[in-house]
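S.K.: Take a look at the following structure, please.
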Amino acid sequence: MISIVLPTHNRSSSLKNVIETILGQEPIDSISFELLVVDNNSTDDTKDIVKNLAIRNNRIKYHFEKQRGRSCALNKGIIEAQGDILAIIDDDDVPSRYWLSAIYKKFLCDAEIDVVLGWLVKFKEGDQLKDVYRSATYHPPRELLMGNGGNMAMRKNVFLKIGLFDHRIGVGSKFGGSAEDTDFIYRCMRNNIKVEHSKDIVVFYRQRNTNSKQLIQLKRDWYGVGFLWAKYTILIKDYYALKRVYWHTCENLYKSFFARGETRKAALVKLIYLLRGFIFGVIFWPFQKNIYCNGVKIKC
């Protein structure tokens, strides 16, 4: 069985469409799956929408997670999941018609794969997804760490080896940032867990429609990256992490001086928030040891 984990917070306006799109996958009758919608302490009508949909389809399971943070919501879904394969998608994204079957085939055909990172295709409100997909070009990531937290699947036993998502990292967490997916992938790599990218597992990612929202996302992402690499530098003296910070800094510093327009502005934002997250992490992480989440130790 495949357990789809869908964390959500105050996005009832897009949630119904995501759920209905998942239930309308093709071909779907031959695949055993459940859809776990984890309400991360929403204050809108998320609960009512999910409950009403669940009445019509018993594959939908509603769960509530009080502690804020995407990592906490994911962990709740992982614990409650009945399937031996987990698939993760966000509450404002749209899976392709064959998303679920592509995940199923990937794990069925290769018993050695533990984690698969899918392809996120950006789209804007009003776009025809067929046209977006036809015009999109897949660029293989330069490295495994360039994962997509809103489109990934894994065997459930992976979490027995490395622990759950680190609730101190990620969107909505107490310390902010958004690098819980990178943290998860890096822990997999450190523990010799097989991770692959796949262009066949497609999710359409809703692009932020204003410059201010894009800027907020950029700040959050790079603060999270700095905070994450401080974790490995401080806790386990992993100097690969320190080298990552060094090269990120050099790259963005170079662009800040020599690039033009939006590229230069983005590089400056990345640089500032990378260093801000790293400096805060250097102060924070020395006090964090032997951390457990839902009774499971988080392993580096």
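The values are calculated or read from the model by the stated rules, or taken from the named source; none is laboratory data. Here the structure is a predicted model, which is why all the values come from computation and not from measurement. Cβ sites come from the backbone with ideal geometry, for glycine too, and all protein chains shown count toward neighbours.
S.K.: Kindly list, by first and then second residue, each pair from a residue in segment 93-114 that is closer than 14 Å to Lys130 by Cα to a residue that is small (Gly, Ala, Ser) and surrounded by fewer than 17 Cβ atoms within 10 Å (Cβ to Cβ), limited to pairs with Cβ atoms under 9 Å and residues at least 6 apart or on different chains.
M.R.: Val94/Ser14; Arg97/Gly24
S.K.: Look through segment 1-50, keep the residues that are within 17 Å of the chain's Cα centre (by Cα) and in a loop (DSSP other than H, G, I, E, B), and return whichever of them is surrounded by the fewest Cβ atoms within 10 Å (Cβ to Cβ).
M.R.: Looking at residues that are within 17 Å of the chain's Cα centre (by Cα) and in a loop (DSSP other than H, G, I, E, B), I get Arg11.
S.K.: Quick check on segment 98-129: of everything there that is assigned to a helix (DSSP H, G or I) and among the charged types (D, E, K, R), which residue is surrounded by the most Cβ atoms within 10 Å (Cβ to Cβ)?
M.R.: Per the stated criteria, the residue is Lys106.
S.K.: Could you please let me know if Ser96 is farther than 17 Å from Asn151 by Cβ and assigned by TED's automatic domain parsing to the domain that holds Thr182?
M.R.: no
S.K.: Among the residues of segment 75-92, what is the count of those that are part of a helix (DSSP H, G or I), aliphatic (A, V, I, L, M) and crowded, with 24+ Cβ neighbours inside 10 Å?
M.R.: 0
S.K.: Would you check if there is a residue in segment 95-110 being over 18 Å from Ile28 (Cβ atoms) and in contact with a helix residue (DSSP H, G or I) (Cβ under 9 Å, 6 or more places away or on another chain)?
M.R.: no
S.K.: Within segment 203-212, can one find any residue that is within 30 Å of Leu100 (Cβ to Cβ), in contact with a helix residue (DSSP H, G or I) (Cβ under 8 Å, 6 or more places away or on another chain) and either part of a helix (DSSP H, G or I) or at pLDDT 85 or above (or both)?
M.R.: Looking through segment 203-212, at least one residue is within 30 Å of Leu100 (Cβ to Cβ), in contact with a helix residue (DSSP H, G or I) (Cβ under 8 Å, 6 or more places away or on another chain) and either part of a helix (DSSP H, G or I) or at pLDDT 85 or above (or both).
S.K.: Every residue in segment 185-202 that is assigned to a helix (DSSP H, G or I) and touching a Leu at 6+ places or on another chain (Cβ under 9 Å), please.
M.R.: Ile185, Tyr186, Cys188, Met189
S.K.: Could you tell me which numbered condition Arg220 fails, if it satisfies all but one of (1) under 14 Å from the mean Cα position of the chain (by Cα); (2) part of a helix (DSSP H, G or I); (3) in the same structural domain as Asp127 (by TED's automatic domain parsing)?
M.R.: That leaves (3) as the condition not met.
S.K.: Could you give me the residue pairs with C-beta distances under 7 Å whose first residue belongs to segment 246-261 and is of a type in the set (A, V, I, L, M), whose second residue is part of a helix (DSSP H, G or I) and at pLDDT 80 or above wherever it lies, and which are 6+ apart or on separate chains?
M.R.: Filtered contacts from segment 246-261: Leu253/Leu271; Ala259/Ala267.
S.K.: Restrict the check to segment 161-177 and report whether at least one residue is over 18 Å from the mean Cα position of the chain (by Cα) and farther than 19 Å from Arg70 by Cα.
M.R.: yes
S.K.: Continuing with this model, one more query. Every residue in segment 149-184 that is in a strand (DSSP E or B) and buried (at least 22 other Cβ atoms within 10 Å of the Cβ), please.
M.R.: Asn151, Met152, Ala153, Met154
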